[in-house]
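This report refers to the structure that appears directly beneath it.
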Amino acid sequence: MVKILLVEDDPNLGFLVQDSLERNGYETLLCADGAAGLRAFQEQNFDLCILDVMLPLLDGFFIAREIRKENTTVPIIFLTAKARPEDRILGLTIGADDYLTKPFQLEELKLRIKAILKRIPGISSSPITKPDVFSFGQSSLDYPNLLLTVKGKKLILTQKEADVLRLLGQSQHKLVKRDYILKTVWEDEGYFVGRSLDVFISKLRKYLKADSSIRIVNIHGVGYKMEVGEV
């Protein structure tokens, strides 16, 4: 499994990127400041590093210089709000393999990671994705076909219903944050979109009502969690 070091001080963005990479099969360690990130690199082995530039304690450029003193080949991707050409040139001069300006699409980041890993001998660039047909309780979701089966009864979902249910079903007993659901499914987190999410959760609870082993729990103001237990 490819192991990635992610150093990002924005907790929401850090969670989104880490969760997205892990869902695609990449083992990802998230550090919230530059000192922790550099320490993690010195203590562990990583196949790729993703560094924010503006970080507490030590900035991304400093970390990259220190990394290059110890390892001249590990790929480095900078994430930054700095869009000036001179900043990009500095990052590449230090030894970065890529430079992604915020805001960016998670899919673009994953494609760039895949392209970089293709150049490294012995490392597979193809992430190990989680299955799109999976079970929870006495129910199952065939995501590619938008087919929900609850105790033998079949129901065709809308695309967004299936998207939300997949996120919850793949993270059973774990909190899935509202921000992550909104940005992943709707690519937005506005008020009205947030209200739409509440409606979708209500619909999913209704669809799953016949399966008493499943509960979709609301963690107020934070997100949702699918709990699966005894019937």
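Among the listed pairs LYS3/LYS118; LYS118/LYS177; LYS3/LYS69, those whose Cα-Cα separation exceeds 24 Å are LYS118/LYS177.
Would you mind checking the pairs LYS151/LYS174; LYS153/LYS225; LYS110/LYS206; LYS110/LYS160 and listing those with alpha carbons more than 26 angstrom apart? Long pairs (Cα-Cα over 26 Å): LYS110/LYS206. Note on LYS203: aspartates and glutamates with a C-alpha under 16 Å away, same-chain residues under 8 apart excluded, are GLU161, ASP163, ASP211.
Of the beta bridges in the chain, as assigned by DSSP with both residues counted there, near 55 percent are antiparallel. The residue list VAL199, GLN42, LEU6 was ranked by how far each Cα lies along the charge dipole of the chain toward its positive end, using unit charges on Cβ atoms, and VAL199 comes out on top. Relative contact order of region 50-122: 28 percent, from C-alpha pairs under 8 Å at least 6 residues apart in sequence. Add -39500 (n - 2.57) for each DSSP H run of 4 or more in the chain, then divide by its residues: what number comes out at 222 nm, to the nearest 500 deg cm²/dmol? The helix contribution divided over the chain gives -11500 deg cm²/dmol.
Ordering 147-153, 14-20 by mean Cβ neighbour count within 10 Å, with the highest value first, yields 14-20, 147-153. Once the Cα atoms are used to define both axes, helix 60-70 deviates from the longest principal axis of the chain by about 70 degrees. On C-alpha positions alone, give me the angle between the axis of helix 106-117 and the longest principal axis of the chain, in degrees, nearest 10. Approximately 50 degrees, to the nearest 10. Between the C-alpha center of region 1-59 and that of region 129-189 there is a gap of 27 Å.
Throughout, read-outs are computed from the coordinates displayed, never taken from laboratory work. Worth saying up front: this structure is predicted, and the values here are computed from it rather than measured. When we count neighbours, we look across all protein chains shown, and the Cβ atoms used for this are built from the backbone with ideal geometry, even at glycine.
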